[in-house]
Amino acid sequence: MENELLELENDIRSLQADIAPLQTEYHSLLRQVAQNEAPSHAPNIPTKNLFVEKDLVPVDEQDEVPPVYHYNFFDESILKYFEKKDVKDSSHSRSIKSKICSQQILAEIEQWTANKNHLLVENIMRFGGVTAFPINDRLYDAEDCFLLGLRYDVMDHITRLYVKPFYIILRRKRYLHDPEAEDTAPWQVFRYTTPLYVALDRYSALLNNKDREEGLRSFANSVHHRLVFVQRKKGLFSRVSQMTYSSLFKEASNNPIVIIEPDESYSHVLLSFSKDTHIELVCNDENIRDIKSSSSLQEYDSHIRGIATISDISQLVSAMERVFTFLRSKGLIRP
């Protein structure tokens, strides 16, 4: 029995000697992955620890980060050596399996790292808000036209999250027998998922620029600016709708002060305090152009206009706070 235990201990030491370089290489790769991934994380967001060790599991059950070996003398995978007299075959099999699993893990890390780098580059390119991408020519007749996709990424600065992206597919006529005509053919809007408040019929005129690249750039940026401005108004009015009597006036009621009813582009927004008390704001992308008060507020209409008329839409929340405070002081609104 002592000879068998001694032989087993020798086998274990041999395995540890074989595994040590692989562990060193593995942790080195993980550190490189962590360094490559670090810039892509937003500040104050905890990142996943890449060096947490786990028990070895099958590849199809592995987490995002491949697992790391546990090498304990009392691991369940070693107990069988204490129950068999002939340990040569088992030790040899263990060594082969260890090498195969190690190679498999390294291959998984390389693939995972390549995918992460690809996503990192893609995300960096999308920071600008507009990304062009090619269309698979199997989806259309490549001899008839060229297609180009535009993806729009817009952030909600209130939630600090990107909203669902918008897409526009542009088409350009192809003239196989007339190269000169093909070189001057403009892009045209073919398909789109942008909202109706993005006036594509008006922006499409920008694509007729003699400098096709400049026309494409102007079109893409104009659409993006419109999407960003409307999303900004949506976020600001969302903050206004979240005001309560307790948060603004330190009163006991948690009821919202106002109910917001906007149109799709937030150009006309109705702020209702009660059934008969409301004001309507007429906005463009940069400011409030006009204010209309209900009959119950007509006496104070000029005062409300003076408070709420702003030249910069970014001042909307503070302007509405002043309007609500004035109306509350006059007893015109209540929980």
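Take the range 273-290 and flag every residue that is over 25 Å from Ser246 (Cβ atoms), open to solvent by less than 60 Å² (accessible area, probe 1.4 Å) and under 33 Å from the mean Cα position of the chain (by Cα). The answer is Val282, Cys283, Asn284, Asp285, Asn287, Ile288. Yes or no: the range 291-298 includes at least one residue that is over 30 Å from Gly128 (Cβ atoms), touching a residue at least 60 places away in the same chain (Cβ under 8 Å) and either surrounded by 14 or more Cβ atoms within 10 Å (Cβ to Cβ) or not aromatic (Phe, Trp, Tyr) (or both). Within the range 291-298, none of the residues are over 30 Å from Gly128 (Cβ atoms), touching a residue at least 60 places away in the same chain (Cβ under 8 Å) and either surrounded by 14 or more Cβ atoms within 10 Å (Cβ to Cβ) or not aromatic (Phe, Trp, Tyr) (or both).
The set of residues in the range 198-222 that are in contact with a helix residue (DSSP H, G or I) (Cβ under 6 Å, 6 or more places away or on another chain) and either touching a residue at least 60 places away in the same chain (Cβ under 8 Å) or outside any helix (DSSP H, G or I) (or both) comprises Val198, Asn209.
Taking the criterion of being within 16 Å of Gln242 (Cβ to Cβ) and free of Cβ contacts under 8 Å to residues at least 12 places away in the same chain, the only residue of the range 304-335 that qualifies is Ser318.
Can you report the number of residues in the range 152-162 which are buried (at least 16 other Cβ atoms within 10 Å of the Cβ) and of a type in the set (D, E, K, R)? Selection size over the range 152-162: 1. List the number of the failed condition for Ser329; all other conditions in (1) under 32 Å from the mean Cα position of the chain (by Cα); (2) open to solvent by 40 Å² or more (accessible area, probe 1.4 Å); (3) over 30 Å from Phe127 (Cβ atoms) hold. Single failed check for Ser329: (1). Contact map, the range 246-273: residues that are over 22 Å from Asn287 (Cβ atoms) paired with residues that are among the small types (Gly, Ala, Ser) and part of a helix (DSSP H, G or I), Cβ distance under 6 Å, separation 6+ or inter-chain. Pairs shown: Asn254/Ser246. Taking the criterion of being open to solvent by less than 30 Å² (accessible area, probe 1.4 Å) and more than 22 Å from Ser314 (Cβ to Cβ), the residues of the range 247-272 that qualify are Ser253, Ser272. Among the residues of the range 163-212, those identified as open to solvent by less than 70 Å² (accessible area, probe 1.4 Å) and among the aromatic types (Phe, Trp, Tyr) are Phe166, Trp187, Phe190, Tyr197, Tyr203.
The values are calculated or read from the model by the stated rules, or taken from the named source; none is laboratory data. None of these values were measured; they are calculated from a predicted model. Ideal geometry is used to build each Cβ from the backbone, glycine not excepted, and the neighbour counts take in all protein chains shown. The protein model used for the area step is the full one, side chains on, heavy atoms only, and it has no ligands, DNA or RNA in it. Shrake-Rupley method; radii C 1.70, N 1.55, O 1.52, S 1.80 Å.
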